[in-house]
Amino acid sequence: MSARAEEIRANLADVERRIAAACARAGRSRSSVRLVAVTKTFPAQDVDFAVAAGATDVGENRVQEARDKKPGVRGSVRWHLIGHLQRNKIERTLPLVHRIHAVDSPRLLAALDAAGRPVEAFLEVNCSGEAAKQGFAPDHVPALASTIQALRSVRIVGLMTMAAFEEDPERCRPTFALLRRLRDDLRRRVGDGHPLTELSMGMSNDFEVAVEEGATAVRIGTVLFAGLPAEEGP
Ligand SMILES: *Cc1c(COP(=O)(O)O)cnc(C)c1O
């Protein structure tokens, strides 16, 4: 096995162990959390190494990169679009991906639905309130219930968020807890027709806290693919 394949296998095993430990702390089953291995900026061969090591789902944040990479991947894996989707790219995205994680505006949601193809999506919520982040404001989420009920081809599987980067991931906990409360409330308002069971939250820096707060999909790139960080100086 190549050194790169070994590295990815070891990183994946370590992340798996950490997810399992976080599930155990929270009294959850490991099968309730899906690991989405984020392969953006990494080559198709890395995707194959991850699949060989057991990855079942990969995430890309740009449609074009996913399109370019997918033909070079031999292993069978589900593709997730985790980044912002432009409306003019909807048609070429839908055949490519299993799920869309970052539906971040009413206009994008309407355009996705108008495409008329069945698709599963998450609504992105800007829980951390940072101006640079996209997504619906938490205050607007309850009012989305009627919009969701009127959808014809998009199924809303849950909510997604990106926490602010924190040295101490414990400080991300309120962000994740907020997303869970918003999801629980929205599910009650929407009723049947949309699962609204999922929470896409948690990245390399904070995924264990996200799992403890109920994440059903963690999107992890750096700690799987980028190798070890450089040693810090004294
Ligand atoms: C890049 C990216 C991730 C993965 O982040 P890491 O810190 O590399 O684990 C997760 N979600 C989104 C939306 C991303 O763009």
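The values are calculated or read from the model by the stated rules, or taken from the named source; none is laboratory data. What you see is a predicted model; the values in this text were computed from it and never measured. So basically every Cβ, Gly included, is an ideal-geometry build from the backbone, and we count neighbours across all protein chains shown. Please note that ligands, DNA and RNA were not included when accessible areas were found on the heavy atoms of the full protein model with its side chains. Shrake-Rupley method; radii C 1.70, N 1.55, O 1.52, S 1.80 Å.
Annotations
- Unique residue being in contact with a helix residue (DSSP H, G or I) (Cβ under 9 Å, 6 or more places away or on another chain) and charged (D, E, K, R) when the list is R62, R34, R18, R78: R18
- Among all residues of the range 162-169, there is at least one that is of a type in the set (A, V, I, L, M, F, W, C) and open to solvent by 50 Å² or more (accessible area, probe 1.4 Å).
- Checked against (1) farther than 24 Å from F42 by Cβ; (2) part of a loop (DSSP other than H, G, I, E, B), H84 passes all but a single condition, namely (1).
- Look at (1) assigned to a helix (DSSP H, G or I); (2) within 16 Å of the ligand (Cβ to nearest atom); (3) crowded, with 18+ Cβ neighbours inside 10 Å and you find that F49 fails only one, number (2).
- Members of the range 65-92 found to be among the hydrophobic types (A, V, I, L, M, F, W, C) and under 25 Å from V141 (Cα atoms), listed by number: L81, I82, L85, I90
Listed here are the residues, each with its yes/no results for (1) in contact with a Lys or Arg (Cβ under 9 Å, 6 or more places away or on another chain); (2) surrounded by fewer than 20 Cβ atoms within 10 Å (Cβ to Cβ); (3) under 24 Å from V141 (Cα atoms).
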site	(1), (2), (3)
L94	yes, yes, no
P106	no, yes, yes
A111	yes, yes, yes
A115	no, yes, yes
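- Here K69 qualifies as buried (at least 17 other Cβ atoms within 10 Å of the Cβ) and either charged (D, E, K, R) or assigned to a loop (DSSP other than H, G, I, E, B) (or both).
Residue-wise test of (1) away from the ligand (no atom under 16 Å from the Cβ); (2) of a type in the set (K, R); (3) assigned to a helix (DSSP H, G or I).
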| residue | (1), (2), (3) |
| --- | --- |
| A145 | yes, no, yes |
| R155 | yes, yes, no |
| F165 | no, no, no |
| C172 | no, no, yes |
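- Residues of the range 192-211 that turn out to be more than 16 Å from the ligand (Cβ to nearest atom) and either closer than 13 Å to A163 by Cα or at pLDDT 95 or above (or both), as a count: 4
- Count - residues of the range 130-149 that are of a type outside the set (V, I, T) and open to solvent by less than 60 Å² (accessible area, probe 1.4 Å): 8
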